[in-house]
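Okay, structure first, notes after.
The values are calculated or read from the model by the stated rules, or taken from the named source; none is laboratory data. Everything numeric here is computed off the predicted structure, so don't read it as measured data. Here the Cβ positions follow ideal geometry from the backbone for every residue, glycine too, while neighbour counts run over all protein chains shown. Just so you know, the surface numbers come from the protein's heavy atoms only, side chains and all, with ligands and any DNA or RNA stripped out. Shrake-Rupley method; radii C 1.70, N 1.55, O 1.52, S 1.80 Å.
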Amino acid sequence: MSRHLPFFSEHADHEAAADALTVSGLCHHYGNRPSLKDVTFSINRGERVAVVGPNGAGKSTLFQLIAGILEPDAGTISIYGHRPARHFCIAYVVQRSQVDWSFPVTVSDVVMMGRAGEIGPLRRPGRTDREKVDRSLADVGLYELRNRRIRELSGGQQQRMFIARALAQEATLMLMDEPFNGLDFQSQRAILDIIDTLGERGVTILVATHDLDIAARRFERVLLLNTGMIGIGPAAELFTAGRIQAAFGQHSHTIQLDDGLLIVQDSCCSGGNPPDA
Amino acid sequence: MHELIHWLLEPFQYTFMLRALAAVWIAGCACSVIGAYVVLRGMAFLGDALAHAILPGIAVGYLVSGGLTSGLFWWGMGTAIAASLGIGTVSRKSRLKKDTTIGIFLAGLFALGIALISTLRDYAVDLSHLLFGNVLSVSGYDLGLMAGFGLLVLVAVGLFYKEFLIISFDPVLARTLRLPVRVLESALLILLAITIVVSLQAVGIALMLALLVTPAATAYLVTRRLPAMMAVACLSTTLSGILGLYLSFYASVAAGPAVVLVCTMFFIITYLATSLRRRRTESAPVP
């Protein structure tokens, strides 16, 4: 493979024994305002973890740090044993509102973009690449719509297109930022089902959401975040009145029922005070 | 019939008109391809500023050579590339909003260019050529340079098509694929600079923006994919070039503005036609 052009980097090998993702003592500031404080956790290969917290809790910042788009002020991130900047197997699906949907590209054009790292500079997509793109589109049920312009897609289809791109990219670590925002239940379920399938295939997935219900029902573990880390674990153990209060503050209300904890959540606005403030 | 053919062929019996046609075509195609990125990435202001910023370099070339035009292409090229890299750095480091900083520096450079040229006698003529183009007096030597550098732009865009597409559509993906985003952005700016110098004689500094955005915008309205957008933009400038030169020849309108006017007319017609079609499809009953 000819990737030997100046400025274009080589991909790091994955360490066989390393966890998919290890984050330790991670801190980040925007100016004087801390956005992440001392976050430490690790995630196994193929695990599906929901990252839950109010708006401004640092979910996107965490993802950008893991993806190697931002540099941490302190702490380390290791992906399959190496720092993020040496991988191009990380797929970061941004919020749909951050995409220019008027751009003149088709669905399969966007999915093909995921192949660019593998194809390398100065080369064109070959037959293998086109087959991978078609298969990825079929996996998310968008093959029939492959020649549509992206602005013609519904919200759920747009989200699935980016999952297809992550598949074409052969991503082993997928970060999805608020994929369920503004989607109806049916589209949400379709995406959750795809996420389950990906987990079975060994893709490690982190999904940022402020939907506690989806996080509790459909993910193996939940990472509760509000600038600082409040906890990580299965929702059944993690969701206590105290921790929910620490994450969502005045915007949540917990009621202890006989068969569990009922959490009433304000869907707007920022959260409570960071745990150590 | 015979008369019509004579009327159509008449202008292009002159070598200067043939050269002008070639020059407009080369400039138009280079501008169409780079213009697609200018439109999609929202770099219109940057392109306009860059065109203005090369004036002092050309002015120095003018003064040094005592008014000879043969070396000006190279002076322009050097300044344009330096300015494009300068703009990249300035806009990254600026504490003010990007467009403010770019505006300050480039308006200043433009003033410097005019100041330098104004020290010459008869500067009004020279200046108007630089500002509005003088495609009817392109030399064979200049035409060769234009063709060479125009081709360079097209080849570079072809070679790095997928990388330029990704940094334009999805900078986050570009970063996670570890593409050299800054290098690619600078490369795109340099290609824009080269395109501007290639098109300098065709439309001049002041009308450069029209050739960069108008055909690309027209094509955007009627195409679905980027390569098609580039191709349709090329077609639109080619036609505008031909029609503009007829307009210039028979109505004695300056060639640069004539070409730009035809471009603008194409845009307006396309815009109206697509709006009309859209309204009709929107009001059609749902089956």
- Considering segment B:79-103 alone, what residues qualify as being farther than 19 Å from residue B:191 by Cα, without any contact (Cβ under 8 Å) to a residue 24 or more places away in the chain, part of a helix (DSSP H, G or I) and open to solvent by less than 50 Å² (accessible area, probe 1.4 Å)? B:101
- Message: Within segment B:163-196, take every residue that is of a type in the set (Lys, Arg) and open to solvent by 30 Å² or more (accessible area, probe 1.4 Å) and give me the one that is nearest to the other protein chains (Cβ to nearest Cβ).
- Response: B:175
- Message: Pairs needed: first member in segment B:111-124, within 17 Å of residue B:65 (Cβ to Cβ); second member anywhere, open to solvent by less than 50 Å² (accessible area, probe 1.4 Å) and among the aromatic types (Phe, Trp, Tyr); C-beta distance under 8 Å; at least 6 residues apart or different chains.
- Response: B:116/B:62; B:117/B:62; B:120/B:62
- Message: Just to be sure before I move on: is residue A:239 surrounded by fewer than 24 Cβ atoms within 10 Å (Cβ to Cβ) and of a type in the set (Phe, Trp, Tyr) in the structure I sent?
- Response: yes
- Message: Go through segment B:225-243 and report how many residues are more than 11 Å from chain A (Cβ to nearest Cβ) and within 16 Å of the chain's Cα centre (by Cα).
- Response: 10
- Within segment A:69-95, restricting to residues that are within 11 Å of chain B (Cβ to nearest Cβ) and assigned to a loop (DSSP other than H, G, I, E, B), the one that is surrounded by the fewest Cβ atoms within 10 Å (Cβ to Cβ) is A:95
- Item | Tabulated pairs, segment A:105-126, first among the basic types (Lys, Arg), second buried (at least 23 other Cβ atoms within 10 Å of the Cβ), C-beta under 6 angstrom, 6+ apart or interchain | A:115/A:168
- Pairs, please: C-beta under 6 Å, at least 6 apart or cross-chain, first residue free of Cβ contacts under 8 Å to residues at least 24 places away in the same chain and in segment B:143-162, second part of a helix (DSSP H, G or I)? B:162/A:116
- Query: What is the one condition in (1) within 13 Å of chain B (Cβ to nearest Cβ); (2) in contact with an Asp or Glu (Cβ under 9 Å, 6 or more places away or on another chain); (3) open to solvent by 20 Å² or more (accessible area, probe 1.4 Å) that residue A:132 does not satisfy?
  - Reply: (1)
- Note on the structure: When segment B:197-224 is checked residue by residue, the ones that are assigned to a helix (DSSP H, G or I), open to solvent by 40 Å² or more (accessible area, probe 1.4 Å) and within 14 Å of chain A (Cβ to nearest Cβ) are B:220, B:221, B:222
- Message: For the condition at pLDDT 85 or above and in contact with a Pro (Cβ under 6 Å, 6 or more places away or on another chain), what is the one hit in B:78, B:42, B:57, B:113?
- Response: B:113
- Note on the structure: Scanning segment A:127-151 residue by residue, those part of a loop (DSSP other than H, G, I, E, B) and touching a residue at least 40 places away in the same chain (Cβ under 8 Å) turn out to be A:140, A:141, A:146, A:147, A:148
- Message: Return the pair list, or none, for Cβ contacts closer than 7 Å from residues in segment A:39-62 that are open to solvent by 10 Å² or more (accessible area, probe 1.4 Å) to residues that are at pLDDT below 90 and assigned to a helix (DSSP H, G or I), at least 6 apart or on different chains.
- Response: A:46/A:199; A:48/A:199
- Per the filter on segment A:45-68, residues more than 11 Å from chain B (Cβ to nearest Cβ) and more than 12 Å from residue A:21 (Cβ to Cβ) are A:48, A:50, A:52, A:53, A:54, A:55, A:56, A:57, A:58, A:59, A:61
- Task: Output the number of the condition that residue B:50 fails; it satisfies all remaining conditions of (1) surrounded by 23 or more Cβ atoms within 10 Å (Cβ to Cβ); (2) in contact with a Gly (Cβ under 8 Å, 6 or more places away or on another chain).
- Result: (2)
- Scan of segment A:173-208 for residues that are part of a loop (DSSP other than H, G, I, E, B) and open to solvent by 40 Å² or more (accessible area, probe 1.4 Å), ordered by number: A:181, A:182, A:184, A:201
- Query: What about residue B:23, is it farther than 23 Å from residue B:102 by Cα and either open to solvent by less than 20 Å² (accessible area, probe 1.4 Å) or not in a helix (DSSP H, G or I) (or both)?
  - Reply: yes
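Here is a yes/no grid of residues against (1) touching a helix residue (DSSP H, G or I) at 6+ places or on another chain (Cβ under 9 Å); (2) more than 14 Å from chain B (Cβ to nearest Cβ); (3) of a type in the set (Ser, Thr, Tyr); (4) open to solvent by less than 40 Å² (accessible area, probe 1.4 Å):
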{"residue": "A:5", "(1), (2), (3), (4)": "no, no, no, no"}
{"residue": "A:15", "(1), (2), (3), (4)": "no, yes, no, no"}
{"residue": "A:22", "(1), (2), (3), (4)": "no, yes, yes, no"}
{"residue": "A:29", "(1), (2), (3), (4)": "no, yes, no, no"}
{"residue": "A:32", "(1), (2), (3), (4)": "no, yes, no, no"}
{"residue": "A:36", "(1), (2), (3), (4)": "yes, yes, no, yes"}
- Message: Please determine whether any residue of segment A:102-122 is farther than 24 Å from residue A:224 by Cα, among the charged types (D, E, K, R) and open to solvent by 40 Å² or more (accessible area, probe 1.4 Å).
- Response: yes
- Message: Consider segment A:157-182. How many of its residues are more than 12 Å from chain B (Cβ to nearest Cβ) and without any contact (Cβ under 8 Å) to a residue 60 or more places away in the chain?
- Response: 5
- Query: Going through segment A:102-118 one residue at a time, which ones are among the aliphatic types (A, V, I, L, M) and within 7 Å of chain B (Cβ to nearest Cβ)?
  - Reply: A:105, A:113, A:116
